[in-house]
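This report refers to the structure that appears directly beneath it.
The values are calculated or read from the model by the stated rules, or taken from the named source; none is laboratory data. No experiment lies behind these values; they were computed from the predicted model shown. Please note: Cβ atoms are built from the backbone with ideal geometry, for glycine as well, and neighbour counts cover all protein chains shown. The accessibility values were calculated without ligands, DNA or RNA, using every heavy atom of the protein model including side chains. Shrake-Rupley method; radii C 1.70, N 1.55, O 1.52, S 1.80 Å.
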Amino acid sequence: MDGNGRWAERRGLSRTNGHRQGVEAVRRVVDASLTENVRILTLFAFSADNWQRPADEVAGLFDLISRYLAGESRACQRRGVRVSVIGRRDRLPRALTSAITRAEEATAGGRRLWLRIAIDYSAREAILHAVRQLAWDGLRTTASLDSFGRLISNTREPAAWQPTAAEVDLVIRTGGERRLSDFLLWESAYAELHFTNSMWPDFGPEDLRAALHDFRGRDRRFGRLAAS
């Protein structure tokens with residue numbers, strides 16, 4: 001979800017205005033994901049490094065996320081969208097953590113689309129946290145790639161969700177950047193990467209369809225030889 005601030009600045013608007021337009025893009029992309037039968041969608045809303053931004057911008061972004069969760073929960077519940085948040089919660093304002101809890105509880109039964117929102121998230125911190133958990137439970141736990149991936153992804157999904165959220169198929173980076181920026185590093189080991197110059201507020205159904213079309217044309221071998 002990159003490019004909200006730059007989108008606004010190029011139009012002489014405040015960065016907060018750009019984030020507001022970014023929320024509208026979330027609504028469009030969720031709608032398009034349902035149409036395209038996407039099962040799991042993870043959006044990077046706020047990274048652990050974003051705390052370095054101006055305090056008023058951070059507060060405004062958290063307020064927008066809280067309002068989105070409160071305003072969209074009923075629609076998500078009706079349409080079969082399960083909402084959950086990954087990342088740290090101990091540093092978030094109480095109003096936001098309360099909104100997260102209410103949204104997760106209200107939409108827990110959704111099965112059409114799992115919408116995961118990464119807030120105060122760092123892939124490296126998630127990996128470190130998983131290592132510490134294994135060290136703590138080491139005498140009782142047998143580690144595997146799958147179990148370790150679940151620890152990193154902070155997933156508690158029911159068995160109906162397959163594949164697990166630890167297996168990312170496609171990473172879409174908006175805003176013209178060409179890097180992962182500490183996003184789902186473990187989970188993206190075999191992910192296909194799609195980069196677009198579209199800023200997130202301009203990203204819509206056509207952009208998602210283009211990324212999915214590109215993805216479906218890739219030859220994914222996972223270390224095996226190509227089929228003869």
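What to note about this one:
- The residues of the chain have, on average, 55 Å² of accessible surface per residue, using a 1.4 Å probe with all protein chains present.
- The shape of the stretch 173-228 comes out oblate: with a ≥ b ≥ c from the C-alpha gyration tensor, a/c is at least 1.5 while a/b does not beat b/c.
- The stretch 1-105 - percent of accessible surface contributed by carbon and sulfur, probe 1.4 Å: 46 percent
- Residue-span extension gain [ALA108 to ASP31] - 0.36 nm each, minus C-alpha spacing: 25.9 nm
- 222 nm mean residue ellipticity, helices alone, for the chain (DSSP H n ≥ 4; -39,500 (n - 2.57); rounded to 500): -14000 deg cm²/dmol
- Neighbourhood net charge (12 Å Cβ-Cβ; Lys/Arg +1, Asp/Glu -1) for ALA106: +1
- Top of LEU61, LEU128, LEU170 by mean-square fluctuation, Gaussian network on the chain, Cα under 10 Å: LEU128
- Ranking ASN4, VAL38, VAL85 by how far each Cα lies toward the positive end of the dipole of the stretch 1-93 (charges on Cβ) leaves VAL38 at the top.
- 15 Å cut-off, amide nitrogen to a point 7 angstrom out along ASP214 Cα→Cβ, residues in the stretch 1-37: 1-2
- Set the Cα radius of gyration of the stretch 36-103 against 2.2 N^0.38 Å, with N its number of residues, and you get 1.19.
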